[in-house]
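Trainee: This is the structure I have questions about; it appears just below.
The values are calculated or read from the model by the stated rules, or taken from the named source; none is laboratory data. Computed from a predicted model, the values in this text were never measured in an experiment. Positions of Cβ are generated from backbone atoms using ideal geometry, with glycine treated the same way; all protein chains shown enter the neighbour counts.
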């Protein structure tokens, strides 16, 4: 099939390459010329394992190209809308300017019978509004909502082998035709027995926002338990292992620590609360305010832990923060707990060095006032405290005996509960982990 992908950021670039891998003829469209130039050269504009190799493979076969000209996508059968929905400045609500602009740009170009499939995370009710606009702009075209469920660091795998496909489609003949087109797009994935669920626009939009809200709630729940564990002397890791064996609960996302960040969970739960308020159902989601508050409080708790371990003052203390990305296998620093903690430590007088295998360039653009060091040995040399905030293997699998020879004081605060504490303590380290004795 001939497919276009509107918006070639994190979601769009991965989706375009994956669709080409499935055998389709794909063109990616973005207004950012530099991004398009990089993609045309098979260079991913962000770090994502496997993406550069996939781009080289599919572009070598001629099945993927990129352009800044929306008209180049006009003859596609299916147009995937993959633009960002950031938090609106000064508000909790989602900023839909990019969704609206991308939608209208392609709606003015498409041929009759074509399908626009939205993948962006949007407030419930957005698809119905766009479908009404499309019926005026191009009466013969169709709209579906086909949300994504990518994990940064695993995005290629998650696109080619998703755990489910969600189709939000209208009733009647247009909905049936939209379903057929999406089935044609995902034929290889469906042939692998991937579950496919069809539903109305509103339910499809809620699948994504409610999934993210549930995951955020689960993380904040175990972090709230970590606060109780610290007050009682209990061990939150053993607690999580124990309750995680209950198959009604499960162990995933029960890792206590500094909390979640990134470009999805924080802004999505805030946008969900804002939309509920617009719908007159704000009381239904008031618990998400506490989820958000618990999450932000964890960053403050890490700073307090470090201050306690350093004798009550951070002034002039040499501290190395291990991690800048919001999670490992990514260079994404949006709402990164690691960067937030690093900045707070510096404001309190510490001499802070940030190190990360992939995210330092992006971190430097966000917080140019912090000190960054790519070389790990240089970064930790002479440190009076290390703070693990992004669980890269380079950090979690490090040799504590060797590191003890580099630092000034063998003190590490494990903000992700990712270290083998006994191993580090046997090597002479004082280890402080969140929610653990």
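Trainee: Only one of 133, 202 is in contact (Cβ under 8 Å) with a residue 60 or more places away in the chain, within 28 Å of residue 275 (Cα to Cα) and either touching a helix residue (DSSP H, G or I) at 6+ places or on another chain (Cβ under 8 Å) or assigned by TED's automatic domain parsing to the domain that holds residue 53 (or both). Can you tell me which?
Mentor: Details: 133 fails: in contact (Cβ under 8 Å) with a residue 60 or more places away in the chain.
Just one listed residue meets the conditions, 202.
Trainee: With 71, 107 as the choices, which residue is over 26 Å from the mean Cα position of the chain (by Cα), at pLDDT 95 or above and crowded, with 17+ Cβ neighbours inside 10 Å? Walk me through it before giving the result.
Mentor: On the way: 71 fails: crowded, with 17+ Cβ neighbours inside 10 Å.
Criteria check complete, one pass: 107.
Trainee: OK, next. Which members of the stretch 402-421 meet the condition of being in contact with a helix residue (DSSP H, G or I) (Cβ under 8 Å, 6 or more places away or on another chain) and part of a helix (DSSP H, G or I)?
Mentor: Of everything in the stretch 402-421, just one residue is in contact with a helix residue (DSSP H, G or I) (Cβ under 8 Å, 6 or more places away or on another chain) and part of a helix (DSSP H, G or I), namely 403.
Trainee: From the list 389, 360, exactly one residue is in contact (Cβ under 8 Å) with a residue 60 or more places away in the chain and within 24 Å of the chain's Cα centre (by Cα). Which is it? Step through it out loud before you land on a result.
Mentor: Numbers: 360 fails: in contact (Cβ under 8 Å) with a residue 60 or more places away in the chain.
Testing whether each residue is in contact (Cβ under 8 Å) with a residue 60 or more places away in the chain and within 24 Å of the chain's Cα centre (by Cα) leaves just 389.
Trainee: (1) outside any strand (DSSP E or B); (2) crowded, with 21+ Cβ neighbours inside 10 Å: which one isn't true of residue 321, the others all being true?
Mentor: If we test residue 321 against (1) outside any strand (DSSP E or B); (2) crowded, with 21+ Cβ neighbours inside 10 Å, just (1) comes out false.
Trainee: When you check residue 246 against the structure, is it in the same structural domain as residue 414 (by TED's automatic domain parsing), touching a helix residue (DSSP H, G or I) at 6+ places or on another chain (Cβ under 7 Å) and surrounded by fewer than 20 Cβ atoms within 10 Å (Cβ to Cβ), yes or no?
Mentor: No: the conditions fail for residue 246.
Trainee: Starting from residues that are out of contact with any strand residue (DSSP E or B) (no Cβ under 8 Å at 6 or more places or on another chain) and part of a loop (DSSP other than H, G, I, E, B), keep the ones in the stretch 288-318 and report whichever is farthest from residue 416 (Cα to Cα).
Mentor: It comes out as 315.
Trainee: With respect to residue 127, is the statement that it is over 17 Å from residue 175 (Cβ atoms), assigned to a helix (DSSP H, G or I) and more than 18 Å from the chain's Cα centre (by Cα) true? Let's see the steps before the verdict.
Mentor: Working: over 17 Å from residue 175 (Cβ atoms): no; assigned to a helix (DSSP H, G or I): yes; more than 18 Å from the chain's Cα centre (by Cα): yes.
For residue 127, the condition - over 17 Å from residue 175 (Cβ atoms), assigned to a helix (DSSP H, G or I) and more than 18 Å from the chain's Cα centre (by Cα) - is not met.
Rundown of residues vs (1) touching a residue at least 24 places away in the same chain (Cβ under 8 Å); (2) surrounded by 21 or more Cβ atoms within 10 Å (Cβ to Cβ); (3) touching a helix residue (DSSP H, G or I) at 6+ places or on another chain (Cβ under 6 Å), yes/no style:
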| position | (1), (2), (3) |
| --- | --- |
| 328 | yes, yes, no |
| 341 | yes, yes, yes |
| 351 | yes, no, no |
| 354 | yes, yes, yes |
| 368 | no, no, no |
| 377 | yes, no, no |
| 382 | yes, no, no |
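Trainee: Just to check your reading of the model, which residue among 26, 14, 58 is over 20 Å from the mean Cα position of the chain (by Cα), part of a helix (DSSP H, G or I) and surrounded by 20 or more Cβ atoms within 10 Å (Cβ to Cβ)?
Mentor: Working: 26 fails: part of a helix (DSSP H, G or I); 14 fails: over 20 Å from the mean Cα position of the chain (by Cα).
After applying the criteria, what remains is 58.
Trainee: Does the stretch 64-87 include one or more residues that are under 29 Å from residue 281 (Cβ atoms), touching a strand residue (DSSP E or B) at 6+ places or on another chain (Cβ under 6 Å) and in a loop (DSSP other than H, G, I, E, B)?
Mentor: The first filter runs over the stretch 64-87 and keeps only residues under 29 Å from residue 281 (Cβ atoms), leaving 81-87.
Then drop every residue that is not touching a strand residue (DSSP E or B) at 6+ places or on another chain (Cβ under 6 Å), which leaves 81-82, 85.
Within this subset, residues satisfying the condition of being in a loop (DSSP other than H, G, I, E, B) are 82, 85.
Yes: one or more hits.
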